[in-house]
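Visitor: I'd like to ask some things about the structure below.
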Amino acid sequence: MERAPFTRLADVYDAIMADVEYAGWIDFVLLEASERGFRGGRLLDLGCGTGNATAPALARGYVVDGMDLSEAMLNVARRKLPDAAFHRADVRDFELPHRYALIYSVFDALNNLLADDDFLAMAGNVLRHLRPGGCFAFDVNTTAGLKRLWDEGRAEGWAGEVYYRWIHRYHPESGLASVEAYCRDQAGEFTELHYERPYDPPDLRRLLTAAGFESIEVVRYPDGRTAAAYEPRVWVFARAPQPS
């Protein structure tokens, strides 16, 4: 049965992603952000999914909110992390009650924005929710990364009692990549079809500048050095303007 993206997948997502280095990513984000002026304050995990990147920041003593469009994913996050505030909203159009010192998004969540206008709307909302001088940090897959996401275009195996077979394809005519995510567990089987758009360093600098960000840096993990053109995944750190 085909399902909408990030609906039925919420039930098995954590099992499949058990080995993903969320804690290392958050340590990297916090370190790099601190080198760019972050001195603590409230955090927002943008596109938080089931809260796997929210949890490490909470564990380090930060006050963290999470935001995602998928209610199914948020329901899992709320059960796991009852002390965090989670909001259901679209990254392109949201209004939250706080202004943040750091907004971050990990594991290529922003690659789900398939057009410049979508990215610009997201970036404008992020800027509006940052404190002056606040930091925006995120990772994205590049064209090089989405042309060859996995060996032979397939990720397959067992995660506990969950069997998964995810097929990746790059579509040069549209410049998009698709992942056909098939999963089977005790509750049945399903397929979700996901699309991602690559973002290369020139795209990121152009779009973030247009949205009003400053001090835009595109780096690699884990050493924080300037990313090369061939990097499959890059990390971005940008700052909200300070009042003059």
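Visitor: Within a 10 angstrom radius of the beta carbon, how do Glu21, Glu35 rank from fewest other beta carbons to most? Don't skip to the end; give the middle numbers.
Guide: Values: Glu21 14, Glu35 10.
With the sparsest Cβ surroundings first, the list reads Glu35, Glu21.
Visitor: Just to be sure I understand the model, the point goes 7 Å from the Cα along the line to the Cβ. What's the resulting Arg3 to Ser215 distance in nm?
Guide: With each label point 7 Å from Cα toward Cβ, the separation is 4.2 nm.
Visitor: Can you compute the radius of gyration and Dmax for segment 25-68, using only the Cα atoms, both in Å?
Guide: Radius of gyration, then largest Cα-Cα span, for segment 25-68: 10.1, 29 Å.
Visitor: Could you give the dipole magnitude of the chain about its Cα centre, charging the beta-carbon of Lys and Arg +1 and that of Asp and Glu -1, in debye to the nearest 20?
Guide: For this selection, approximately 680 debye.
Visitor: Right, another one. Rounded to whole Å and ordered largest first, report the semi-axes of the equivalent ellipsoid of the chain derived from its Cα gyration tensor (root of 5λ).
Guide: Rounded to whole Å, the semi-axes are 28, 22, 16.
Visitor: To make sure I understand, if each residue's beta carbon is the centre and we count other beta carbons within 10 Å, what order do Met17, Met73 fall in, fewest to most?
Guide: Met17, Met73
Visitor: Once every DSSP H run of n ≥ 4 in the chain is given -39500 (n - 2.57) and the sum is divided by its residues, what mean residue ellipticity at 222 nm do you get, rounded to the nearest 500 deg cm²/dmol?
Guide: Calculated at 222 nm, the ellipticity per residue is -7500 deg cm²/dmol.
Visitor: Scanning the chain for helices, which whole DSSP H stretches are 27 Å or more long along the axis (Cα) and average 1.0 or more by Kyte-Doolittle?
Guide: Taking the DSSP H segments of the chain (at least 27 Å long, mean hydropathy at least 1.0), we get none.
Visitor: Just rank Thr50, Thr142, Thr191, fewest to most, by other beta-carbon atoms within 10 angstrom.
Guide: So the residues, fewest neighbours to most, are Thr191, Thr142, Thr50.
Visitor: So how far, in whole Å, is the C-alpha centre of segment 1-24 from the one of segment 189-219?
Guide: Going from one Cα centre to the other spans 21 Å.
Every number here is computed from the coordinates shown, using simple stated rules; none is lab data. None of the values given here were measured: they were computed from a predicted structure. Reconstructed Cβ throughout: ideal geometry from the backbone, glycine too, with neighbour counts over all protein chains shown.
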